[in-house]
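Step one of this worksheet: look at the structure below.
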Amino acid sequence: MTIKTSQNIYDEVPYPSVSHSLSHPDRLATLATLLGMEPTPIEHCRVLELGCAGGGNIIPMAQALPESEFVGIELSARQVAEGKAMIAALDLPNITLEQINILDVDAGLGQFDYIIAHGVYSWVPPAVQDKILEICRQHLTTNGVAYISYNTYPGWNMLGTVREMMLYHTRNTTGPRQQATESRALLDFLTESISTESNTHGGFLYVYLNYIKEYFLPKSDAFLLHDELAEVNDPIYFYQFAERAERCGLQYLGDAHFADMLATNFPAEVSKALRHMAKSTVELEQYMDFLRNRMFRQSLLCHQEIQLSARFKPERLANFYIASSALAESTAPDIHAVSVEKFKSLDGSTLATDHPITRAAMHYLIEIWPRSVSFNQLLAEARSRVNGATGQDVVQPDIAVDTQVLGMNLLQAYGRSENLVEFHVYAPPLAATVSQYPVASPVARFQAKNGHKITNLRHERVTPDKIAIELLPLLDGSRSRADLIRILEEKDVVEVEQQDGRPIGDAEEIRGVLVEVVEEKLNQLAQAALLTG
């Protein structure tokens, strides 16, 4: 079943143009390095994005990597124009957006070290899907990496039922806006009417319907129309995608979520059974998709000629920067105590270790978050802390032993969850402290001023509050805290109340509150990876 849409639906209802952190060249190069490749350094590379919308994903990359070149192609003239306006405002000479049909891409586009196709593959006809893979084969450099996201089975077997319900209900609508309105009405009716008592199907529908209402509907009609109700929405099993890639001369490199590739994240008996059933990486991941009822994938591809390696070489650790947003179980640890210390991520993953160097390293990473540090610097800092923790000489293991143990502990943590430990090949220039004249990234300043979704220097979407949004466009390095306080005072955007809820009328008292507010917001922006100084 297909829906009736105009050919220019993306001009009529533009798709929200936002960043996707897992598509960043840093992520692609990190995983490629872990899996045995030698990808092009992202500080000097060429990047192509297919279906770039208004450039919300690729433009922040170009700003952050000025010595690299970026090309985005998009069919919607309106979205290309919006992206070009942003590029002009930011004065970026290293990026171009062009209105091109993917089917019209030819050899003239050149070669690229990284190719990105987010939110395109499942939503285009088979001929365009084939062309995307062909582009990856013909336009990837020898050590290039491609990122393609797509809807997948088995998860979409059930999700597709809700899509079919909405398509049936809106089969006689005349345009996208009416279709979105009617779909919302149907979702409300189903949510209120379906019984979940002793009804597995009803229980699933209730949960998923509420997910759609909470995730898609509050944002805009665009998410609903382009993600759930697109004219084409063609899920595929992972093994089928891998087979298609192979026929095009490409091979599956890995998943953008490293932890999702590891059978060791299942209980031991499940992991053992998986390894017994699966005869290849593709089979293993397909069986894991069955277990997870997976519905969406972000796959990385490379040329078939590349020799990959599942065996990680310790010397490769020197290539990485490490970061961690975990929380330490102890706020005053005894580094030399013979005890296990736990570090926990927000998603519940844990790293438990009695290795002094690892414990010292984790505490240092927590202290400097959201900044990252090279592995060698991290090792040196941890060894310094351990060696200097007592007033007497301590016999320390050989540095090679510390390197191996710390490296394996960090890799195991990264394999559990990137919320526990992160690996990168690139360290963005994040502020260690807020300077006297604070500076926010140019992209964030532009986005805050123009009502866009905010992308931080880690290429993540963040949601600053109202006051922070007012501050961001002002943080160009020309204003002191006193200047910022005065501007907020003039704009009257801060609600200043006494403890009993009554407004404060005294100007001096208001200024005192604003001093605290500005300092608090600047620190929050730094923690959100939005400041460079």
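What number in nm² do you get for the stretch 295-349 if you take the convex hull of its Cα atoms and divide its surface by four?
Details: hull surface 30.8 nm².
Result: a mean projected hull area of 7.7 nm².
Whole angstrom only: what separates the Cα centroid of the stretch 54-77 from the Cα centroid of the stretch 442-491?
22
Taking a 21 Å limit on the Cα-Cα distance, which of the listed pairs LYS342/LYS521; LYS466/LYS521; LYS466/LYS491 fall beyond it?
LYS342/LYS521
Would you calculate the volume per residue, in Å³, of the smallest convex hull containing every Cα atom of the chain?
Dividing the Cα hull volume of the chain by its residues yields 204 Å³.
Where does each of ILE306, ILE116, ILE73, ILE454 land when they are ranked from fewest to most other beta-carbon atoms within 10 angstrom?
Details: ILE306 18, ILE116 28, ILE73 21, ILE454 25.
So the residues, fewest neighbours to most, are ILE306, ILE73, ILE454, ILE116.
May I ask you to evaluate 6.51 cos²θ - 1.76 cosθ + 1.60, the Karplus curve with θ = phi - 60°, for each residue of the stretch 107-118 and list the ³J(HN,Hα) values in order in whole Hz, giving x for glycine and proline?
Result, rounded to whole Hz: 4, x, 6, x, 9, 9, 7, 9, 10, 10, 9, 9.
Restricting to DSSP H runs of at least four residues, report the calculated mean residue ellipticity at 222 nm for the chain, -39500 (n - 2.57) per run over all residues, nearest 500 deg cm²/dmol. Present the calculation step by step, with values, prior to reporting the outcome.
Values: 18 runs with 221 residues, N = 533.
Here the helix-only value at 222 nm equals -13000 deg cm²/dmol.
How high is the relative contact order of the stretch 255-379? Use alpha-carbon pairs under 8 Å, at least six apart in sequence, and give a whole percent.
With pairs under 8 Å counted, the relative contact order is 22 percent.
Where the centroid of each part is defined by its Cα atoms, how far is the stretch 132-147 from the stretch 364-380 in Å?
33
Stretched out fully, how many nm does the piece from LYS344 to PHE204 gain, at 0.36 nm a residue minus the Cα gap?
Extending this stretch completely gives an extra 47.3 nm.
Please give the length that would be gained between GLN436 and LYS272 if that part of the chain were fully extended, namely 0.36 nm times their separation in residues minus their C-alpha to C-alpha distance (nm, one decimal).
53.4 nm
Using Cβ counts within 10 Å as a stand-in for footprinting exposure, how do CYS248, CYS52, CYS302, CYS45 rank, fewest first?
The fewest-first ordering by Cβ neighbours comes to CYS248, CYS45, CYS302, CYS52.
About the Cα centre of the chain, what is the dipole size in debye to 20, counting +1 per Lys and Arg Cβ and -1 per Asp and Glu Cβ, all else neutral?
840
What ranking of LYS344, LYS272, LYS521 emerges when the number of other C-beta atoms within 10 Å of each C-beta is taken as an exposure proxy, fewest first?
LYS272, LYS344, LYS521
Of all alpha-carbon pairs in the stretch 162-314, indicate the percentage at a distance above 26 angstrom.
Of all Cα-Cα pairs in the stretch 162-314, 47 percent lie more than 26 Å apart.
Compute the Rg to Rh ratio over the stretch 118-193 from the alpha carbon atoms, using the Kirkwood formula for Rh, and round to two decimal places. Don't jump to the answer; show the numbers that get you there.
Values: Rg = 17.6 Å, Rh = 15.3 Å.
Radius of gyration relative to Kirkwood radius: 1.15.
When the C-alpha atoms of the stretch 280-389 are aligned to their principal axes, what extent does each axis show, in angstrom, from largest down?
In descending order, the Cα extents are 50, 31, 26 Å.
Read-outs: derived from the displayed coordinates by stated rules, not from any lab. In this text the structure is predicted, and so the values were computed from the model without any measurement. Quick reminder, even Gly has a Cβ in these numbers, built from the backbone with ideal geometry, and neighbours come from all protein chains shown.
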